[in-house]
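Report on the structure given below.
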Amino acid sequence: MKSTKNIIDIIKRMWQKDKEFIEIFDKVKSFRHEKLQEETAEKLMATHIKHLRVNNEIKRGDKWVVGEIAKLNIRNNQMEFFEFATLYCNSINPKEYPIMNLTSVKLVRQFYKQWHGISLTYEVLVDYNVFAELVNELRTFLNLETLDYFNFNRFIENYDLPVRIFIRNLPVNRKHHLPALLFDYLYSPEILANNN
């Protein structure tokens with residue numbers, strides 16, 4: 001027969017395991033990620049993240065974690081949730097993980113096409129190390145390095161159209177950046193009139 005102390009230890013360990021899952025599950029649900037909700041896979045994703053045990057790696061900024069979190073097997077179907085994985089990692093370490101969503105991918109592609117004359121394919125951008133470097137270069141170009149990636153993402157979401165127009169009007173292959181132009185452009189009377 002097990003002693004009372006052993007039973008209490010077992011219960012404490014079970015509670016700690018459940019507590020970890022509940023914390024992860026709450027975080028996963030808080031994103032209200034459409035694709036995960038469509039697949040009714042939020043609980044499955046929380047279990048997946050718990051089994052990966054990558055919290056320390058996320059805090060260190062290890063980029064490979066995004067790919068591990070993104071790949072989820074649902075009903076014997078391998079699916080990829082890169083946007084969710086970047087959101088999850090960014091919520092823990094916003095200084096190291098740019099958010100990969102439709103807006104950021106479009107802006108990075110447009111910036112590289114206009115500024116460097118390079119067309120980026122999805123296959124290139126799906127490598128998260130590459131994507132993070134490209135977003136960092138765009139953030140530096142826009143003179144927004146003081147923003148962590150969460151706030152940078154908010155900026156480009158809020159000013160998506162003006163930023164895209166600004167990038168589209170850049171001369172091709174300029175060798176220096178003019179960050180003050182962006183802010184002059186964003187707050188020009190023409191742009192402000194069109195946004196109101």
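Every number in this text was worked out from the coordinates using simple rules, so none of it is lab data. As the structure is a prediction and not an experimental result, all values here were calculated from the model. Neighbour counts are summed over all protein chains in view; Cβ atoms, including those assigned to glycine, are modelled from backbone coordinates with ideal geometry.
Structural remarks
- Sorted largest first, the principal axis extents computed over the alpha-carbon atoms of segment 36-116 equal 42, 29, 17 Å.
- In this rough spin-label picture, where each label sits 7 Å from Cα along the Cβ direction, the residue 148-residue 119 distance is 3.8 nm.
- Local charge for residue 58 was computed over the other residues whose Cβ lies under 15 Å away, with Lys and Arg +1 and Asp and Glu -1, and equals 0.
- Summing charges over all other residues whose Cβ lies under 13 Å from the Cβ of residue 139, with Lys and Arg as +1 and Asp and Glu as -1, gives -3.
- Legend: distances between Cα atoms for 50/113; 27/95; 43/113; 19/63; 59/113; pairs beyond 30 Å are 50/113; 43/113; 59/113.
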